[in-house]
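The values are calculated or read from the model by the stated rules, or taken from the named source; none is laboratory data. In this text the structure is predicted, and so the values were computed from the model without any measurement. Glycine also receives a Cβ, built like all others from the backbone with ideal geometry; neighbour counts cover every protein chain displayed. SASA here: full protein model, heavy atoms, side chains in, ligands and nucleic acids out. Shrake-Rupley method; radii C 1.70, N 1.55, O 1.52, S 1.80 Å.
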Amino acid sequence: MALSSPGTLSLETLDGSDPDPAPLLEGEPCPQPCEIILDPEAEHSTGIVPVGSSEQSSPPSPRLRRDLIAYEVKVNQRDIEDMCICCGSFQVHTRHPLFEGGMCTPCKDKFLECLFLYDEDGYLSYCSICCAGETLLICENPDCTRCYCFECIDSLVGPGTSAKVQAMSNWVCFLCLPFPCSGLLQRRKKWRGWLKAFCDREAESPLEMYKTVPMWKREPIRVLSLFGDIKKELMSLGFLERGSEPGKLKHLDDVTNVVRRDVEAWGPFDLAYGSTPPLGHACSQPPAWYLFQFHRILRYARPRPGSPQPFFWMFMDNLVLTQDDRVVATRFLETDPVTIQDVHGSTVRNAVHVWSNIPAVKSRHSALDPQEELSLLAQDRQRAKPPTQGPAMLVKNCFLPLREYFKYFSTELTSSL
């Protein structure tokens, strides 16, 4: 997005008076390279989004090692790939997938856990560089959901840059800019491929990650919803428009007579969703039947082997499967379940088990209650009146990472329609 409105700073000038960032790539000296000073009187702006706080705050006090990144690179001529750009450590484990620079083991683990976590407002919860940060600047490109913390911007782009960004009426982030370099922060070429390779190599998951899709190539999502209907949740997230076109959702309650030919005629699909019935609802089939039927239809809906088409799936158990059933589900679906809870104060009001290949679902895992507590919860929910919110609301935000792959039609998320 070009920033050309009157009175708005151009991003090309953030690194100095020269709008062309190329000289920094050629290694030309930068004046006073080791003076890393943050302006304590930087003005606050509504362009800043504090995470977990309704008040705006000053940039956090930077750690010494982070401040030394610029000194080590510009003065000591250290290769930035030999430093962790997230924390400044010299104990590099791997390379950062989005920007040139290294990454230590603790920062790598944090990055994998938090990269695809979204807040209720539809933006990523953590900095896209370090996956931390208490106060974040959000990219105002309407097709981007990334955020960056003060510390990363000031340490890697230049001292005081975060205050300049705050003062802008619009800001486009370092992954959306047409030029790749801002100070020491240089976007990797083909970073989407780097990110996929990073996750496939470093994540402890047997499931392969799909390469994210550039915004201009994203198409409306096509959904196959079995047993539980998630149309309302996907519409509230902007993936489906009213009337379901563009974007398509096929909902089936009974798949007993459905064969491969039917699924192929309805498809292709990008997302397959299935669930067991909510507790307290009468059903004509045993709970495990829903698991086996979902697995059967999932096999029909998958793209052919070797296809680059992103394909996601989720199966949700409303605490009706037995322990043996869950073991079978893990074997069939080839991934471990996570437990997502609705906690109000100290009371667990609802909980579901989820198997999925959607990125970051595991990061939403709540610590498992003892099995006795989950059993008590299930018994209480069977005796009580069914909750007003459907169980699918518990996993609604798990679908937000699909914004990296498919087109969405609303820029503001709503909690209800």
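Suppose the filter is assigned by the TED database to the domain that holds Pro308 and of a type in the set (Gly, Ala, Ser); does Gly193 pass it? So Gly193 fails the test. In the stretch 153-174, the qualifying residues are those that are open to solvent by 20 Å² or more (accessible area, probe 1.4 Å) and part of a loop (DSSP other than H, G, I, E, B), and the one that is modelled with the lowest pLDDT is Ser169.
Can you tell me how many residues within the stretch 84-120 are of a type outside the set (A, V, I, L, M, F, W, C) and not in a loop (DSSP other than H, G, I, E, B)? Within the stretch 84-120, residues that are of a type outside the set (A, V, I, L, M, F, W, C) and not in a loop (DSSP other than H, G, I, E, B) number 10. The conditions of being open to solvent by 10 Å² or more (accessible area, probe 1.4 Å), free of Cβ contacts under 8 Å to residues at least 60 places away in the same chain and in a loop (DSSP other than H, G, I, E, B) are met by Pro178.
Condition check ((1) of a type in the set (Ser, Thr, Tyr); (2) part of a helix (DSSP H, G or I); (3) more than 26 Å from the chain's Cα centre (by Cα); (4) not assigned by the TED database to the domain that holds Phe399) across all residues:
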{"residue": "Pro277", "(1), (2), (3), (4)": "no, no, yes, no"}
{"residue": "Pro305", "(1), (2), (3), (4)": "no, no, no, no"}
{"residue": "Asp325", "(1), (2), (3), (4)": "no, yes, yes, no"}
{"residue": "Asp336", "(1), (2), (3), (4)": "no, no, no, no"}
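Candidates are the residues of the stretch 90-116 that are surrounded by fewer than 19 Cβ atoms within 10 Å (Cβ to Cβ) and modelled with pLDDT under 90; the one that is nearest to Ala163 (Cα to Cα) is Cys114. Within the stretch 259-276, being under 22 Å from Tyr405 (Cα atoms), open to solvent by 60 Å² or more (accessible area, probe 1.4 Å) and out of contact with any strand residue (DSSP E or B) (no Cβ under 6 Å at 6 or more places or on another chain) holds for Glu264, Pro268. Of all residues in the stretch 293-310, those that are in contact (Cβ under 8 Å) with a residue 40 or more places away in the chain, open to solvent by less than 40 Å² (accessible area, probe 1.4 Å) and over 23 Å from Lys217 (Cβ atoms) total 3. Within the stretch 311-324, being surrounded by fewer than 19 Cβ atoms within 10 Å (Cβ to Cβ) and either farther than 21 Å from Leu226 by Cβ or at pLDDT 90 or above (or both) holds for Phe311, Gln323, Asp324. In the stretch 277-289, is there at least one residue being buried (at least 21 other Cβ atoms within 10 Å of the Cβ) and at pLDDT 85 or above? So far as the stretch 277-289 goes, no, none of its residues is buried (at least 21 other Cβ atoms within 10 Å of the Cβ) and at pLDDT 85 or above. For the stretch 121-142, the criterion of a residue being assigned to a helix (DSSP H, G or I) and either open to solvent by less than 70 Å² (accessible area, probe 1.4 Å) or touching a residue at least 12 places away in the same chain (Cβ under 8 Å) (or both) is satisfied by no position. Scanning the stretch 126-152 for residues that are touching a Gly at 6+ places or on another chain (Cβ under 9 Å) and not charged (D, E, K, R) turns up Tyr126, Cys127, Ile129, Leu137, Ile138, Thr145, Cys147, Tyr148, Cys149, Phe150, Cys152. Here Gln285 does not fit the description of being within 22 Å of Asp317 (Cβ to Cβ), of a type outside the set (A, V, I, L, M, F, W, C) and assigned to a helix (DSSP H, G or I).
Do we find a residue being touching a Pro at 6+ places or on another chain (Cβ under 6 Å), open to solvent by 20 Å² or more (accessible area, probe 1.4 Å), outside any loop (DSSP other than H, G, I, E, B) and within 12 Å of Pro97 (Cα to Cα) anywhere in the stretch 192-213? Yes, there is a match, as at least one residue in the stretch 192-213 is touching a Pro at 6+ places or on another chain (Cβ under 6 Å), open to solvent by 20 Å² or more (accessible area, probe 1.4 Å), outside any loop (DSSP other than H, G, I, E, B) and within 12 Å of Pro97 (Cα to Cα).
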